[in-house]
Amino acid sequence: MTAFLAVLRRDIALGLREGGALGTALGFYLVVIAILPLGLGPDLDLLQRISGGVLWIGLLLSSLLSIDRLFAHDLEDGSLDVLMSGALPLELIVAAKAIAHFLVFGLPLVLFAPLLGLMLNFPLPAAGVLVGTMAIGAPAVSFIGAIGAALTLPVGRGGLLLALLMLPFFIPILIFGVATLNASLGGPGSAATPALILTALMLGALVLAPFAAAFALRVQFRG
Amino acid sequence: MADEGAPIVSALAVSGLSCHRGGHAVLENVTFRVAAGDVVLLIGPNGVGKTTLLRAIAGLLRLSGGEITLEWRDAVSDPPPTRAFMHVFGPQNALKPTLTVRENLQFWQRFLGEEADAEAIAAALDAFRLDDLADLPVSVLSTGQRRRAGLARLIAVARPLWLLDEPNHGLDAASRRSLGDAVRAHANAGGMALIATHSEIDAGPVRRLQLGVEATDNALGDGVDARAGMLA
């Protein structure tokens, strides 16, 4: 447990000290959302209708942008060899790093979303629901993204390849996240059903993704 | 893993070890034994498999044959995983540039040793003359200073088997002496060290393990018989 917390604490400290990466992710999110009204025109009804989905897509893209280096730094400076020679199973190392990624990148992006929503005429009273659903979805994004980061590790800068590989796996999260949001904004159906499915997806990712990512790392290193 | 309950390692035994990289055999049928208190220098030309051997022992590579076992001083009914008894020190230093030297060592203590131990860190800093640099971020250190900060992990966390890959690289004469002293102290305390190097390490009496004794001059290593011969 000490070793698990050690990795978690170190990765949070590194993420906060290397502040540039978080700035890039937030800036990317801002730019993606900001250019949308420019392309679509100032139709407030249209913007409001699509705002939830657009904010979710922006969140996925910005998270992916920051996760491709999840293992790369540790590989380059030799830490990964030492991490893999410790007593802590690789699965738990992956989990600790994914949790740290969620706390350092996912959470700020989620909290930033309602602010960006202003540009899309997103109804402010629903900001709580937006943050809530995203806070359920974002850990899943970090954990599933870790699989992609592990798979694309030997490619070096695998950013685009990572997006190509992992975006399809985010589709269920996107669908149920936006469905929860729309239902609670007065759309048809109850918000509880998609919210529960979203939660189930997140919990499934938390349990399964560390095994997949650890397997991907082992195959590459021990092969 | 230096707590009282941990069994004490008396030897590392490698028997019939074979390892393939990219479809060709790098190591074939390597057999040797390192007993407690031994310092073994792995020597041999480039590409003969020194790094591969160290990584294989550390469990970072898949073996295509053979066995790597630790022998215990007392009978152990349920042997813990061997990787918990080894230090891997490779060409990179396993340091985070934005953390200070002390924070890096504290992290490795918590990760590898399960507890932070300020005394061991002080000893490690002292052994590699890092006292003045302890609270500087690693990013501002020179190449040799980083190397020393990386080596300090070996002392900050006590583990019986050191697997060092070119530890001398980038070190000046004084730092090489520090390294030699650290290895000698480790061996005198009953530890083991397996060191791949092209230069000498002044660590008292050492044994030499020559890889590829029947090697041809083929630079790609095709047909190299990497049987290991223990000299001296």
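Just so you know, all these numbers are worked out from the coordinates, no wet-lab data involved. Being a predicted model, the structure only gives us computed values, none of them experimental. Every residue, glycine among them, receives a Cβ derived from its backbone with ideal geometry; neighbour counts consider all protein chains shown.
Dipole of the protein assembly as shown (Lys/Arg Cβ +1, Asp/Glu Cβ -1, origin at the Cα centre): which of A:PHE143, B:ASN188, B:PHE89 lies farthest to the positive side?
A:PHE143
Given contacts defined as C-alpha pairs under 8 Å and at least six residues apart, what's the relative contact order of the range B:21-167, whole-number percent?
Result for the range B:21-167 is 28 percent.
Can you work out the PRE-style zone for B:GLU200? Point 7 Å along Cα to Cβ, and I want the residues of the range B:159-177 with backbone N under 15 Å.
B:173-174, B:176-177
Over the range A:88-204, what portion of Cα pair distances is larger than 22 Å, expressed as a whole percent?
39 percent
For A:ILE175 and A:VAL31, compute 0.36 nm times the residue count separating them, minus their Cα-Cα distance, and round to one decimal in nm. Let's see the in-between values first.
Working: separation 144, 0.36 × 144 = 51.84 nm, distance 2.29 nm.
The span from A:ILE175 to A:VAL31 would gain 49.5 nm if fully extended.
Find the relative contact order for chain A and round it to a whole percent, using C-alpha pairs within less than 8 Å whose residues are 6+ positions apart.
The value is 26 percent.
With chain B treated as a Gaussian network of Cα nodes joined by springs under 10 Å, which of B:ARG73, B:ARG146, B:ARG184 yields the largest mean-square fluctuation?
Maximum fluctuation in the GNM of chain B, among the listed residues, is at B:ARG73.
Report the calculated FRET efficiency for B:ARG129 and B:ASN29 (r = Cβ-Cβ distance, R0 = 56 Å), to the nearest 0.05.
The calculated FRET efficiency here is 0.85.
Mind pulling the angle between the C-alpha long axis of helix B:118-127 and the longest principal axis of chain B? Nearest 10 degrees, somewhere in 0 to 90.
Roughly 70 degrees, rounded to the nearest 10.
Report the gain in length on full extension from A:LEU196 to A:ALA127: 0.36 nm times residue separation, minus Cα-Cα distance, nm rounded to one decimal.
22.9 nm
When chain B is treated as a GNM, springs tying every alpha-carbon pair under 10 Å, which of B:ASN46, B:ASN168, B:ASN29 comes out with the largest mean-square fluctuation?
Most flexible of the set in this elastic network: B:ASN46.
Using a 10 angstrom cutoff on alpha carbons, build the Gaussian network for chain A and name the most mobile of A:LEU206, A:LEU151, A:LEU40.
Among A:LEU206, A:LEU151, A:LEU40, the largest mean-square fluctuation in the Gaussian network model of chain A belongs to A:LEU40.
Taking amide H atoms as placed 1.01 Å from N in the peptide plane, list the residues 5 or more away in sequence, or in a different chain, whose amide H sits under 5 Å from that of B:ARG207.
Here the answer is B:VAL39, B:VAL40, B:LEU41, since their amide H atoms fall under 5 Å of that of B:ARG207.
What distance in nm separates the two pseudo spin-label positions at B:ASN188 and B:ALA75, each 7 Å out from Cα along the beta-carbon direction?
3.5 nm
With unit charges on the beta carbons (Lys and Arg positive, Asp and Glu negative) and the dipole taken about the Cα centre of the protein assembly as shown, which residue among A:LEU46, A:ALA209, B:VAL101 sits farthest to the positive side?
Positive-end residue among those listed: A:LEU46.
Compute the angle between helix A:107-117 and the longest alpha-carbon principal axis of chain A, please, reported from 0 to 90 degrees and rounded to the nearest 10.
Value to nearest ten degrees: 20.
Mind giving me the FRET efficiency for B:VAL140 and B:ARG176? R0 is 25 Å, r the Cβ-Cβ distance, nearest 0.05 is fine. Could the numbers behind the result be given before it?
Values: r = 23 Å, r/R0 = 0.92.
With a Förster radius of 25 Å, E is 0.65.
Kindly provide the helix-only [θ] at 222 nm of the protein assembly as shown, computed as the sum of -39,500 (n - 2.57) over DSSP H runs of four or more divided by all residues, to the nearest 500 deg cm²/dmol?
Working: 15 runs with 234 residues, N = 455.
Here the helix-only value at 222 nm equals -17000 deg cm²/dmol.
Which percent, nearest 5, of DSSP beta bridges in the protein assembly as shown are antiparallel?
55 percent
For the pair A:LEU203 and A:LEU61, what calculated FRET efficiency results from E = 1/(1 + (r/R0)^6), where r is the Cβ-Cβ distance and R0 = 25 Å, to the nearest 0.05? It would help to have the intermediate numbers written out before the result.
Working: r = 24 Å, r/R0 = 0.94.
The value I calculate is 0.60.
Counting pairs of alpha carbon atoms under 8 Å apart in space and at least six apart in sequence, what relative contact order in percent does the range B:140-197 give?
On the way: 47 pairs, mean separation 26.3, N = 58.
So the answer I get is 45 percent.
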